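The values are calculated or read from the model by the stated rules, or taken from the named source; none is laboratory data. Since the model is a prediction, treat every value here as computed from it, not as a measurement. Note that each Cβ is placed from the backbone with ideal geometry, even for glycine, and that neighbours are counted across all protein chains shown. Remember, those area values only see protein heavy atoms, side chains included, never the ligands or the DNA or RNA. Shrake-Rupley method; radii C 1.70, N 1.55, O 1.52, S 1.80 Å.
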Amino acid sequence: MTVASQHADKLDIEAIRADFPILHQTVHGKPLVYLDNAASSQKPRQVIDAMREVDERFYANVHRGGHQLSNESTSMYEESRAAAQRFLGAKSKNEVIFTYGTTSAINMVAHAWGSANLTPGDEILLTEMEHHSNLVPWQQIAQLTGAKIKALPITNDGLLAMDELPGLLSERTKIVAVSAASNVLGTINPVTEIVRQAHEVGAVVLVDAAQAAPHKPIDVVAWDADFVAISAHKMVGPSGLGILYGKQALLEAMPPFLGGGSMINTVTIDSFTPAMLPAKFEAGTPPITAAIAFKAAIEYLESIGLDHILAHEQMLADYAHQLLADVPGLRILGPAPQQKAGIVSFTVDGISPNDIGMMIDTAGVAIRAGHHCAMPLHARYGIASSARASFYLYNTREEVEIFVAAVRKALAILS
């Protein structure tokens, strides 16, 4: 028995599945097999109940009133921030900013930090495997500032070409923006080494951890990352909520991204002074219910153990690799299961991924088909799109078998 399988065996899958009401239904008359977790995970009762409790018992705007409901909501809101601080390993609650998702968090850094620090001729280093949310904001700020974009290539087997990294880094490199795990390939990237090399040339590093946070332990201090972005909805939490971690000195030096209520200290008719961290970057009414309930999601994942979750996913991915190995014309993108999170993206010669996705939906199997907001990655492999099955803590070996059987049946019809 491998170390991964030993970890995976520690999950009580039936007990976990019992926590997720949405899984216990039929789709097209078939039991639901939900394998679109890289897009958005499902929520357990603990999170659903937490959301309901907020809205039924003490919902009110936070940091805005002196009445009982506002005080209670504010207290719970800040308790959730403390939970996120613990989850990420941040040194201070001031380094934890509530946003509306990973996309919102990356835009905040690109526009607030970028506008203040990038000048013509500076370089932004990305990778070929980035999600559009970690590409387009940098393209926008490059157009505004005159900075240039470079990209670290990926290998044929879906790994970053780390031997090319030193040649791409220089004193002109001001920021490196990299995903901790690819949303298409599943590849788990060597964040600590990337950060080390970037810091040697004086660059700061933003880590898109949207696909890593749900599956593996994160320690922003161990990474030494300057910025880290995550989304709650990919980690059994509510939608419309994200976290931006930033080193306190960097956040203090950055101008506010959005203006309005909550992010000010004083305002006159022609000027303002910003609030202290973290309020400085939390303009307007935040997603209060989602933010408070996120604490329940964090506690749920911590109670199970991120190491166990990753091992379980890798076991399922390995099983899927085995069962798909002899399917004619089928190509799995990315590295071996031990080098990635539980994502299996694939193409089949001559058959549209969208057709595969729609066909296996009739068997109750939910996957994703398309470019997955990663068009440059697909272009790198000479394809326009792929089909993607993504596993999580509540998926089973039986569901992998149902998925593969549905793919085989679909291909028999579509071929």
### Query
So what is the 222 nm mean residue ellipticity for the chain from helices alone, if each DSSP H run of at least 4 adds -39500 (n - 2.57) and you divide by all residues, rounding to the nearest 500 deg cm²/dmol?
-11000 deg cm²/dmol
### Task
Set the Förster distance to 25 Å, then compute FRET efficiency between GLU14 and GLU299 from the Cβ-Cβ distance, nearest 0.05.
0.75
## Note on the structure
By the DSSP-based rule, helices of the chain that are at least 20 Å long along the axis (C-alpha) and have a mean Kyte score of at least 0.5 are 288-304, 397-414
### Query
In whole angstrom, how long is each semi-axis of the equivalent ellipsoid of the range 194-326, when you take the square root of 5 times every eigenvalue of its Cα gyration tensor and sort them from largest down?
35, 20, 12
### Query
Based only on the alpha carbon positions, what is the Kirkwood hydrodynamic radius of the range 24-123, in angstrom?
17.5
### Query
Under the definition of Cα pairs under 8 Å and six or more residues apart, what whole-number percent is the relative contact order of the chain?
23
#### Entry: Label zone at ALA249 (point 7 Å along Cα-to-Cβ), backbone N below 19 Å, the range 97-133
113-114, 116-118
### Query
For the range 130-219, what is the accessible area per residue in Å² when the probe is 1.4 Å?
36
### Query
What fraction of the DSSP beta bridges in the range 149-266 is antiparallel, stated in percent and rounded to the nearest 5?
45
#### Entry: Per residue, the convex hull volume that the Cα atoms of the range 224-271 enclose (Å³)
106
### Message
Quick check: residue separation of VAL27 and LEU258 times 0.36 nm, minus the Cα distance between them. What number comes out in nm?
### Response
79.0 nm
### Query
So which lysines can LYS340 reach, going by Cα to Cα under 17 Å and dropping same-chain residues fewer than 8 places off?
LYS216, LYS234
### Within the range 73-198, percent of DSSP bridges classed antiparallel, to nearest 5
20
### FRET efficiency, SER40 to THR119 (Cβ-Cβ, R0 45 Å, nearest 0.05)
0.75
## Note on the structure
Carbon plus sulfur, as percent of the 1.4 Å-probe accessible area of the range 4-89, comes to 50
### Contour minus Cα-Cα distance for SER352 and GLN68 (0.36 nm per residue)
96.6 nm
### Query
Any idea how far apart SER170 and GLU79 come out in nm if each label point goes 7 Å out from Cα toward Cβ?
5.4
### Message
Which log10 I(q)/I(0) values does the range 132-264 give at q = 0.12, 0.16, 0.17 Å⁻¹ under the Debye formula, counting every alpha carbon as one identical point scatterer?
### Response
-0.51, -0.93, -1.05
### Query
Where both residues lie in the chain, what percent of DSSP beta bridges are antiparallel, nearest 5?
60
### Task
Could you rank THR155, THR99 by how accessible they are, 1.4 Å probe, largest area first?
THR155, THR99
### Accessible carbon and sulfur surface of the range 98-145 relative to its total accessible area, %, 1.4 Å
52
### Task
Hey, can you find the accessible area per residue of the range 334-373 for me, probe 1.4 Å, expressed in square angstrom?
36
### Query
Put a dot 7 Å past each Cα toward the Cβ at ALA60 and ARG408; how far apart are the dots in nm?
6.1
### Query
For the range 190-348, which whole percent of the accessible surface, found with a 1.4 angstrom probe, sits on carbon and sulfur atoms?
57
### Query
Just the Cα atoms of the range 70-138, one point each, no solvent: what log10 I(q)/I(0) does Debye give at q = 0.14 Å⁻¹?
-0.61
### Scattering profile of the range 320-374 at q = 0.22, 0.29 Å⁻¹ [log10 I(q)/I(0), Debye over alpha-carbon scatterers]
-1.02, -1.38
### Query
For the pair SER92 and LYS148, what calculated FRET efficiency results from E = 1/(1 + (r/R0)^6), where r is the Cβ-Cβ distance and R0 = 35 Å, to the nearest 0.05?
0.55
